[in-house]
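Encoded as structure tokens, the structure appears first; notes follow it.
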Amino acid sequence: MKVLYASSEAVPFCKTGGLADVAGSLPPALAEEGVEIAAVLPLYQTVREKFGQELEFLCYDYVDLAWRHDYCGVFRLLRGGVSWYFLDNERYFRRPELYGYPDDGERFGFFARAVVQMLPHLNFWPDVIHCNDWQTALIPIYLKDDGVRRDRLRSIRTVLTIHNIEYQGRFGKETLGDLFGLDQGWADDGTILMDGSVNLLKAAILCADAVTTVSPTYASELKLSYYAHGMESVMERCGGKLSGVLNGIDTARYNPAADPQLVAPYTAGDLSGKAADKAYLQKVMGLQETPDVPVIGMVSRLVAHKGLDLVCEVFHDIMELPVQVAVLGKGDRKYEEFFRWAVRQYPGRLAVRLDYSAELATAIYGGADLFLMPSRSEPCGLSQMIAMRYGAVPIVRETGGLRDTVHPYEAQRDAGNGFTFADYNSGDMLYVIRQAAELWRDHPDAFGRLRRRGMEEDFSWNRSAGQYLRVYGEITGAELPQKPQAAPEISENPAAAEETPPAEPAPRARPHPHTQKKGTAKKAEPGGTSSHGPSGKPKRSRNV
């Protein structure tokens, strides 16, 4: 089985959020299960800067997006059993940030259009293209649109994973043809319009062969108006092809026994090193250096749906407890201003860094005793899994993936791996925070067993990869691949993996027009752009 995984970000190449963690971990996990897998991303400026020495230039062509005719280069990097393809257009992707530009619709419309049009160049014809969020939502649509004219495209099945339904790719009606190059029929039949606007996510949900979300509970919640952001009727309509697959974490990367960013390593069986990590956290964040109170950690965007209003409502009550609080994150101005004020009220007991630092995040996971995530909504959440991995017992609201991963402490049965509350209510949150602090102080043995159960949970990608395999099998009818005994070697000649014979001949690699001899360069058609693609001869590895 061949799967092409399309994403707008993936670690270690580029990251703004949890999507990158998923996209960086799931393809290698699928490769370990025997899937022949490739991934495709835009060639951002940050990827060039960090990985330019490793990128191999394959070829280029021109991609048509409505009336636009733009250069697209194809680069490749082999890592973790995965062929990582990067699509290059400097006008769209050579920018300091991944998102946040006025032309983001055009940028990711080009990326989706390029994924479909450049398939013959990849020497990898997929059985399934796995898409993620609105940035790749046009891929299932273009496959159906082009499939009317290209028989071979009709054999490809698509999976769409919704990581957060709040972000839907909404644009004005005029973009349908002028920007995305789609016929008016897509609007007339109701596929792509919603509330008078183009809605890319809605269209992809309707067109994809399977739709997944990042936790089973979130899949159920998306049929409710409170969580679905206006899409509940669409999700209800497509309920037969909707499933929730819980995300995992990279357990090799998040490993307190071997994390080089920790002052002292530790394991579930030997927690002696965690005391040193707690002392380091207190020192580096300016908290009172004492082991006699529990530290509550928060690593979060400071926005409403993360439950920050609950925290603000009862923050004075929290600080009346014998606890310390360490907060890392940035977000809405009102929450940042609140924490700037609060840190002056509780010197030595509250520490706040209004920024994001991977090193400091690790220090909080490694040194905290408790970890607070009172989210109003949380499609999956990775922080609670990382916290448990590092022995920071989570305190969460029962929503989305938090409900699927954190099970409430039961003193009578000595069961559970954290503390939970159901209603979105600051009083209920405060109650379980008190419970957690009292258990830490008065019953250290019970707290130790609770902490250990969390550290021993299996949050690896192995389980999730197996569930995605079943989704792929259901939509293709293919037998599931056998897990290899050893990591397969990837041929240095990608053409060797090409299926025989393709219905359409794969275009040959051609040098960039700037590098050809005079009189032989392919010229861009009127309106096209050449975005300073690679120099040098085709089919050679080079630096970018």
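The values are calculated or read from the model by the stated rules, or taken from the named source; none is laboratory data. On a predicted model such as this, the values are computed, not experimentally measured, just so you know. So basically every Cβ, Gly included, is an ideal-geometry build from the backbone, and we count neighbours across all protein chains shown.
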Residue check, Met385 against (1) over 23 Å from Arg453 (Cα atoms); (2) assigned to a helix (DSSP H, G or I), all met but one. Which one?
(1)
All helices (runs of 4 or more DSSP H) inside the range 277-348 with 3 or more residues being surrounded by 15 or more Cβ atoms within 10 Å (Cβ to Cβ) and more than 28 Å from the chain's Cα centre (by Cα)
315-319, 333-345
Subset of the range 150-185 [in a helix (DSSP H, G or I) and among the aliphatic types (A, V, I, L, M)]
Leu153, Leu176
Looking at this structure, is Phe93 assigned by TED's automatic domain parsing to the domain that holds Leu138, touching a Pro at 6+ places or on another chain (Cβ under 9 Å) and of a type in the set (A, V, I, L, M, F, W, C)?
yes
Strands (runs of 3 or more DSSP E) wholly in the range 186-267 with at least 3 residues that are farther than 30 Å from Arg389 by Cα - which ones?
197-199
Given (1) under 30 Å from Gly381 (Cβ atoms); (2) surrounded by fewer than 24 Cβ atoms within 10 Å (Cβ to Cβ), index of the condition Lys202 fails
(2)
Filtered residues of the range 126-178 (kept if free of Cβ contacts under 8 Å to residues at least 24 places away in the same chain and either crowded, with 23+ Cβ neighbours inside 10 Å or touching a helix residue (DSSP H, G or I) at 6+ places or on another chain (Cβ under 7 Å) (or both))
Gly147, Arg154, Leu176
Take the residues of the range 244-271 that are under 13 Å from Leu382 (Cα atoms) and hydrophobic (A, V, I, L, M, F, W, C): which is modelled with the highest pLDDT?
Leu246
The lone condition Trp84 fails out of (1) touching a Lys or Arg at 6+ places or on another chain (Cβ under 9 Å); (2) under 15 Å from Cys207 (Cβ atoms) is (2)
From the option list Leu360, Leu302, Leu321, single residue qualifying as in contact with a Phe, Trp or Tyr (Cβ under 8 Å, 6 or more places away or on another chain) and either not assigned by TED's automatic domain parsing to the domain that holds Leu402 or not small (Gly, Ala, Ser) (or both) is Leu302
Identify, by number, the condition in (1) at pLDDT 95 or above; (2) closer than 21 Å to Ile139 by Cβ; (3) not in a helix (DSSP H, G or I) that Thr16 doesn't meet.
(1)
Has the range 49-68 got at least one residue that is farther than 18 Å from Pro126 by Cα, modelled with pLDDT of 95 or more, in contact with a Cys (Cβ under 7 Å, 6 or more places away or on another chain) and not in a strand (DSSP E or B)?
no
Which of the residues that make up the range 32-48 are surrounded by fewer than 24 Cβ atoms within 10 Å (Cβ to Cβ), outside any strand (DSSP E or B) and over 18 Å from the mean Cα position of the chain (by Cα)?
Glu32, Glu33, Gly34, Gln45, Arg48
